[in-house]
Amino acid sequence: MSDHIALPLAGAASYEELLKCISADEWDFLSWTKLLSLVEAKALANENIDRVVPTFEGFLRRFPLCFGYWSKYADLQATVVRYEVPTANDETIAAAKTVLYERALEQVPLSVELWTAYCAHVALTEINSQGMRQLYERALYYVGAERQSVPLWEAFLDFEASRGTPSTVCNVYRRGLAVDTTGRIDELWRKFKLLTRCYKISELIENHQETSALLKRYKARKQFDAESSEEEARRLKSMAGYSALEEQRQMEQLLFETEQAKNACIQRTLQRQKFELGIRRWYFHVKPLDEAQLENWRQYLYYEMQNTTKNNFNDTSVSTRKNNFAQVDHLFERCLIPCALYAEFWLSYAFWKYHSRNDFDLAIDVLQRALTKFLPKRPDIMETLALFLEAAGRCEEARQVYIDIFEFAKPDAARLAACCLKRAAFETRQHDVNATLAAFRTTLHIIDGPHFNYIASQMARFQALVIRDVPAARVTLDYAISNRPDDPRLWLARIQLEMMQMYQERVYLVVDLVSAVYERALAPETPLSFHHKLDIWSRYLYFAQAYAYSVTSILDIKRRLAEFRTTVQPDVSKVQIQQTPMPAELEDIPELSKFDPAPPKF
């Protein structure tokens with residue numbers, strides 16, 4: 001359903017009830033549309049006009065792409081202005097509508113409907129032809145290539161025919177023939193040829209330099225060399241009709257180049273026709289798009305980006321590259337009207353902006369637009385924004401984004417753990433050990449369950465491998481184990497921590513440390529399940545066979561493993577685990593200097 005079609009009024013829903021729904025959820029699109037329909041109906045009946053501005057402003061602040069409601073708001077300006085200023089005249093009302101249309105087009109610059117309505121509004125009051133012409137030029141710059149822009153082209157042609165010159169009419173025809181006009185290109189071509197028969201080339205193109213350039217291109221196309229051209233010019237100048245011959249050649253070149261542009265337009269249209277036909281919704285709505293339309297947009301964007309890359313490889317001129325980039329940008333902007341609530345297209349647009357221009361700021365602008373207007377608190381967009389900010393050297397802004405992500409993720413333990421790791425990785429890249437440890441420590445204070453264990457393991461890994469503080473890593477894992485002794489992954493992480501010391505300590509010392517952890521994990525009071533303990537026993541035996549310096553210790557482990565297999569183990573599912581506070585070693589992290597990123601010495 002299009003956003004510009006008013007929903008039927010709900011019989012039981014009053015203004016206050018709808019306001020209550022919106023207060024509970026400001027993104028409740030259905031309640032908003034019902035409220036707007038109610039306010040509009042009352043305003044047209046000259047009732048409750050004071051509700052028009054706050055209602056429409058509130059809705060359009062949250063859903064700025066709904067061009068239909070901008071148009072409705074503009075139509076109500078006469079009622080609103082007369083209510084606010086009873087003595088207001090037609091000029092005041094027209095000025096208010098103009099301001100509103102300008103605001104609307106800042107938000108939805110690719111809306112053909114808004115541009116058409118705005119041009120029609122200005123045409124009623126604009127006396128200055130140049131001002132009206134500039135407005136049409138603006139409109140066609142944004143939406144001239146859209147399939148729905150035919151009425152706009154026709155209005156511009158009618159304007160130039162009535163208030164312009166043959167030159168301005170010719171210019172509009174030439175531009176119109178170079179873009180897709182939905183199957184009416186042959187009709188435009190016929191009218192353009194008729195125009196060329198009615199006027200001289202000097203009337204259609206008033207710029208003498210341009211007509212001279214047409215003649216030069218004509219001679220180059222006909223393969224006239226410079227000497228023969230000069231000789232012919234000297235010979236024919238004295239003859240009657242030479243000027244008419246030059247004009248004929250210029251006109252022929254004009255028709256040739258315009259037809260070339262027309263044929264190129266037809267070719268481009270045919271190449272993209274299958275994608276354009278797949279676009280069934282070009283306007284914004286909160287209702288999800290079906291998968292077929294989403295896939296069509298993906299393929300269309302991929303085709304356009306690949307085509308641009310190929311064209312830029314073949315033609316490296318700056319102007320051509322800019323035009324090709326602009327075409328892809330335009331398609332992305334079109335896509336982001338119906339797909340404004342899909343993060344994948346915002347992310348694709350940001351990466352395209354960066355890779356095509358090698359400019360981080362352009363990508364940042366795209367992502368900030370998405371977060372400000374359409375997808376607030378969206379974690380994947382926020383994370384990508386933080387990466388671009390960091391790459392652009394705006395690290396304080398990136399840090400604030402990571403903090404915001406962390407705050408938004410607090411209700412969800414899984415997201416909180418993921419955000420903690422990303423924030424810690426960011427601080428590590430900034431070579432700030434204290435901030436990295438603070439990120440881990442803050443998360444351990446507010447997270448529980450298996451995610452607590454995972455964050456503790458990652459913190460210990462950072463302490464052991466990055467800052468090479470093995471005692472601190474032991475404290476971290478022991479703290480985690482004291483809170484969740486039934487998690488075998490924590491025990492294995494603790495064992496692995498001691499195993500890593502073999503590169504720096506004597507083997508027999510490390511064997512004693514590792515064995516001590518195994519013994520703690522396999523103690524009868526440790527609430528691990530039978531299967532988990534059996535797995536750890538097997539690992540213990542394998543470790544002893546590889547590193548033990550006494551065969552008797554291997555035999556002892558094998559004996560105890562055999563006894564374990566035949567012994568009935570207590571039910572550990574009902575064991576009450578006593579939570580322990582965070583140890584002082586973790587609570588009070590000492591200030592550390594910038595860590596040395598050099599690899600450890602073996």
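Give the aspartates and glutamates reachable from Lys422 as a straight Cα distance under 16 Å; neighbours fewer than 8 places away on the same chain don't count.
By straight Cα distance, Lys422 reaches Asp380, Glu383, Glu390, Glu396, Glu397, Asp404, Glu407, Asp412, Asp432.
Which aspartates and glutamates does Lys219 reach when only Cα atoms under 17 Å apart count, and residues fewer than 8 places away in its own chain are ignored?
The qualifying aspartates and glutamates are Glu210, Glu227, Glu230, Glu231, Glu232, Glu246, Glu247, Glu252, Glu257.
Taking all protein chains in place and a 1.4 Å probe, what share, in percent, of the accessible surface of the chain do carbon and sulfur account for? It would help to have the intermediate numbers written out before the result.
Numbers: 17240 of 31770 Å².
That fraction is 54 percent.
What's the long-distance tail for the stretch 383-529, i.e. % of Cα pairs beyond 26 Å?
33
Quick one: length gained pulling Thr309 to Asn263 fully straight, 0.36 nm per residue minus the C-alpha distance?
Residue separation times 0.36 nm, minus the Cα-Cα distance, leaves 14.3 nm.
Relative to the present Cα-Cα distance, how much length would full extension add between Arg147 and Ala425 at 0.36 nm per residue of separation?
Length gained between Arg147 and Ala425: 95.3 nm.
Between helix 343-357 and the chain, what is the angle of the helix's C-alpha long axis to the longest principal axis, kept within 0 to 90° and rounded to the nearest 10?
70
By how many degrees, between 0 and 90 and to the nearest 10, does the Cα long axis of helix 360-369 differ from the longest principal axis of the chain?
Value to nearest ten degrees: 90.
Which angle from 0 to 90°, rounded to the nearest 10, does the C-alpha axis of helix 208-221 make with the longest principal axis of the chain?
On a 0 to 90 degree scale, this one is about 80.
Roughly what would the spin-label model give for Val85 and Lys373, points 7 Å off Cα along C-beta, in nm?
In this crude spin-label approximation the distance works out to 2.9 nm.
Rank Trp491, Val172, Ala472 by how far each Cα sits towards the positive end of the charge dipole of the chain (+1 on Lys, Arg Cβ; -1 on Asp, Glu Cβ) and give me just the farthest.
Value computed over the given set: Val172.
So, taking all protein chains as they sit and a 1.4 Å probe, how much accessible area belongs to Asp90, in Å² rounded to tens?
110
So how much accessible area does Leu301 have, in Å² to the nearest 10, using a 1.4 Å probe?
Ignoring ligands and nucleic acids, Leu301 comes out at about 10 Å².
Take the Cβ-Cβ distance between Arg281 and Glu519 as r, set R0 to 45 Å, and report the resulting FRET efficiency rounded to the nearest 0.05.
Rounded to the nearest 0.05, the efficiency is 0.10.
Let me know the Kirkwood hydrodynamic radius for the stretch 141-197, please, with Cα pairs as the basis and the value in Å to one decimal. Intermediate values should be presented prior to the final figure.
Working: mean 1/r = 0.0877 Å⁻¹.
Computed over Cα pairs of the stretch 141-197, the Kirkwood hydrodynamic radius comes out at 11.4 Å.
Over the chain, give the accessible area per residue in Å² for a 1.4 Å probe, as an integer.
53
Which distance in nm do the two modelled labels at Asp75 and Phe351 give, with both placed 7 Å along the Cα-to-Cβ direction?
4.3
Cα-Cα over 30 Å: which of Lys200/Lys322; Lys353/Lys373; Lys216/Lys353; Lys97/Lys262? Write down the numbers at each step before the final one.
On the way: Lys200/Lys322 34 Å; Lys353/Lys373 19 Å; Lys216/Lys353 39 Å; Lys97/Lys262 37 Å.
Pairs exceeding the cut-off: Lys200/Lys322; Lys216/Lys353; Lys97/Lys262.
Considering only Cα-Cα distances, which of the following residue pairs are longer than 30 Å: Lys72/Lys410; Lys20/Lys377; Lys42/Lys377; Lys193/Lys222?
In this structure, Lys72/Lys410; Lys42/Lys377 exceed 30 Å between Cα atoms.
Need one value: the accessible area of Thr92 in square angstrom, 1.4 angstrom probe, rounded to the nearest 10.
The accessible area comes out at roughly 60 Å².
Just how many % of Cα pairs in the stretch 16-160 lie over 26 Å apart, if you round to the nearest whole percent?
Tail of the P(r) past 26 Å holds 32 percent of the pairs.
Which order do Arg506, Arg280 take by accessible area at a 1.4 Å probe, largest first? Before the final figure, lay out each step's value.
Working: Arg506 160, Arg280 135 Å².
From most exposed to least exposed: Arg506, Arg280.
Return the long-range amide H neighbours of His285 (sequence gap of 5 or more, or a different chain), with a cut-off of under 5 Å between placed amide H atoms.
Hits under the 5 Å cutoff: none.
In deg cm²/dmol and to the nearest 500, what is the mean residue ellipticity at 222 nm of the chain if only DSSP H runs of at least 4 residues count, each as -39500 (n - 2.57), divided by the residue total?
-23000 deg cm²/dmol
What is the spin-label model distance, in nm, from Thr125 to Lys20 if the labels are put 7 Å beyond Cα along the C-beta direction?
Simple spin-label model gives 4.1 nm for this pair.
Between Rg and the Kirkwood Rh of the stretch 87-135, both from Cα atoms, what is the Rg to Rh ratio?
With Rg and the Kirkwood Rh in hand, the quotient comes to 0.99.
With a sphere of radius 14 Å drawn around the Cβ of Tyr136, what net charge do the other residues whose Cβ falls strictly inside it have (Lys, Arg +1; Asp, Glu -1)?
Details: positive: Arg133, Arg138, Arg163, Arg175; negative: Glu126, Glu137, Glu154, Asp158, Glu160.
Combined, the nearby Lys, Arg, Asp and Glu give -1.
What is the P(r) of the chain, as percent of Cα-Cα pairs per 10 Å bin from 0?
The calculated distribution, bin by bin, is 3, 11, 16, 16, 14, 12, 10, 8, 5, 3, 1, 0, 0.
The values are calculated or read from the model by the stated rules, or taken from the named source; none is laboratory data. Small disclaimer: the values here were computed from a predicted structure and weren't measured. Glycine gets a Cβ as well: all are built from the backbone with ideal geometry, and neighbour counts include every protein chain shown. These accessible areas exclude ligands, DNA and RNA; they are computed on the full protein's heavy atoms, side chains included. Shrake-Rupley method; radii C 1.70, N 1.55, O 1.52, S 1.80 Å.
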